[in-house]
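Have a look at the structure below, then the notes.
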Amino acid sequence: MPQQTVPDEELAPWHDRRFLVFATGNFVNNLGEAAYKVCLPLFVYDLTGSLVTMSLLAALAPAMLLLSPWLGAIVDRWGPRVFVVPGLMVQLAGAVALNLSVLAGDPSTPVLFCMAALVQLGGEMYRTGWITGVPGMFPRNAARSRAVLSSLFVTSNIAGPLLVAVGLGLVGYLGLLWFNAATFLAPIVVWLLGVHPPAKERPPALAGGRLVSGLGRDILDGWQVVKAEKRVLYAEAMALPLHFASGIGVLSFMVWYLRDEWHMPASGVSTAQAVANLGALAGSVYIAARARTRPRMVLAASATAMTLALFAMTLPSTTLFVICMVVFFTMRSALTAVTALINVKYLPPEVIGRAEGLFNLMGGAPILIAPLLIPLVQQAWGGTAVLVFLGLTSSLSLLCLARFWSRWSAAEAAVPGEPVRGDTPVG
C-alpha cells in the first residue's frame, strides 16, 4: 500500500470549531474515566483490603485489549461510526448497573467484576471508534489533532485523581462513580451536534462464518503490512517488557503499596497519582511538540529511566518513592507517545485500525499477566520484591533495544528520503 504524505504544516486544530466541540466532549469523558480508575481501586481496597481482588479487577482493562484486532478489523472494514455511540451506551449501562449494585448495599465481588467488565468493553469500543475516526473528522490537521487529544487525555489523568482527592470528602465513592456515568453522555451530545466520523461506503455484507473468516483475512492482511515495516516491529517488541512493568496492574500495586506499606491516606494517594500524572503530561507534550524526534533515543532514555526508578522505589523513603513515580510515569508517557508517532509515521492509514488492534493484543498480554503475577510475588516475598521483579523485567527492554539498534539503522538506510508524516509541532 502506498505511503501518503501530509503537508509540512497543518492548521492549528484550536482554530477549528468542530475540533473544539469534539475535544471538549472527549475531555469530559476522559475526566470521568480518570476519576473512575482511581476511585474504583480505592473503593475495592476499603471494601476488601485485598491486593488480589484489586489486581484481578485491574486485569479487566488489558483483557479487553485481546479483542482489539477484531475491533480494528471491523473499523477498517465498516468505518469508526459502528463503535462510537454503541460503545458509549455499553459503558453507560455497565456504570449505571455497577452504581445501583453499590447503592443497594454491600456488592459481591462477582457483581463488581461483571459490571466493571461491561464498562471496560464499552470503553474499548469507543476508543477504537474515535481514534480511527480522527483523520476523517479533521483531515486538514489530523496529526496535530491526534497529538492534542493525546495531551488532553494525559491532562484528564492529572485532573481525575485531584477530583477524587477533593470529592471523596464531599460526595464519597458513590458520588464519584455517578459522576463517571454522567460523563459518558458528553460525547453523545457531541455526536448530536453533528461532530462525528463521516459515513464510510460499506463493503458487501458478510454473514455467518463468512463474517469471521472475512475479518480474519483482513487481520492477516494487516499483519503482512505491519510485518514488512521492521522499525515498527522493533519498537513494539522493545516496549513489551515495559508494558508488563508499567500497566494498570502496576498502578494498582503502587496504590496498594502507598496505602499498605506507607499507610498514606486515600486523599494522599490520589494527590501522589496526580503529581505523577503531571510528569506524564510533560512527557507527552514534549514528544508531541517536537518538530523532529529521534525515536530510538527516546526509547532508550525511557527504558533506562523507568528501570532505574523501579529499583530506587525499594529504598525506605516515601518522598523518594513519589519522586520515582513521577519519573516513571513521565518516561512511560514519552514512550507511549513516541511509539504512536512511529506507527503513524511508518504505516499506511488504511491499516491503522488493524495495526492498533494487533499492537494492543501484543501489549495487552503482558499487561494482563502482570496483575496476575504481582499478588503471587507479593504474598511470597513482600512488596519490595515486587519492585525488584518489575525492575528486572523492565531491564529486558534494554537488551531488546541493544539487539535491534543496528537493525533499525539498516532499516532506515533502506528507505532514504521517506516522507515524514505527523512530525509537525503541536501548538
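Beta carbons within 10 angstrom, averaged per residue: use that to sort the peptides 109-117, 228-236, highest first. Don't skip to the answer; put the middle values down first.
Values: 109-117: 15.9, 228-236: 19.3.
Going from most to least packed, we get 228-236, 109-117.
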* **Efficiency of FRET from Cβ geometry, ARG403 and THR314, R₀ 30 Å, rounded to 0.05** => 0.60
* **Inter-site label distance for HIS15 and ILE369 at 7 Å from Cα along Cβ, in nm** => 4.9
* Rg to Rh for the range 235-292: what is it, with Cα atoms only and Rh by Kirkwood? -> 1.09
* Work out from phi, with θ = phi - 60° and the Karplus expression 6.51 cos²θ - 1.76 cosθ + 1.60, the ³J(HN,Hα) of each residue of the range 310-326, listed in order in whole Hz, and give x for Gly and Pro. => 4, 5, 5, 5, 6, 6, x, 8, 5, 4, 5, 4, 5, 4, 5, 4, 4
* Asked: Given the Cα-Cα distance of TYR286 and ALA93 and 0.36 nm per residue of separation, how much length would full extension add, in nm?
  -> 65.8 nm
* To do: Please turn the phi angles of the range 153-162 into ³J(HN,Hα) values with the Karplus equation 6.51 cos²θ - 1.76 cosθ + 1.60 (θ = phi - 60°), one per residue in order, whole Hz, x for glycine and proline.
  => 4, 5, 4, 5, 6, 7, 5, x, x, 5
* Structure fact -> Contact order relative to length for the chain, counting C-alpha pairs under 8 Å separated by 6 or more residues, stands in percent at 29
* the range 348-411 - Rg and Dmax from Cα coordinates, angstrom -> 16.4, 48
* Asked: Using only Cα atoms, what is the ratio of the radius of gyration of the chain to 2.2 N^0.38 Å?
  -> 0.96
* **Principal axes of the range 298-407: Cα extent on each, largest first, Å** => 49, 27, 25
* Ordering of 239-245, 274-280 by burial proxy (mean other Cβ atoms within 10 Å per residue, highest first) -> 239-245, 274-280
* Asked: How big, on average over all directions, is the shadow cast by the Cα convex hull of the range 73-185, in nm²?
  -> 8.2
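Any read-out appearing in this document is the output of simple, stated calculations on the displayed coordinates, not a laboratory observation. None of the values given here were measured: they were computed from a predicted structure. Cβ atoms come from the backbone with ideal geometry, glycine included; neighbour counts cover every protein chain shown.
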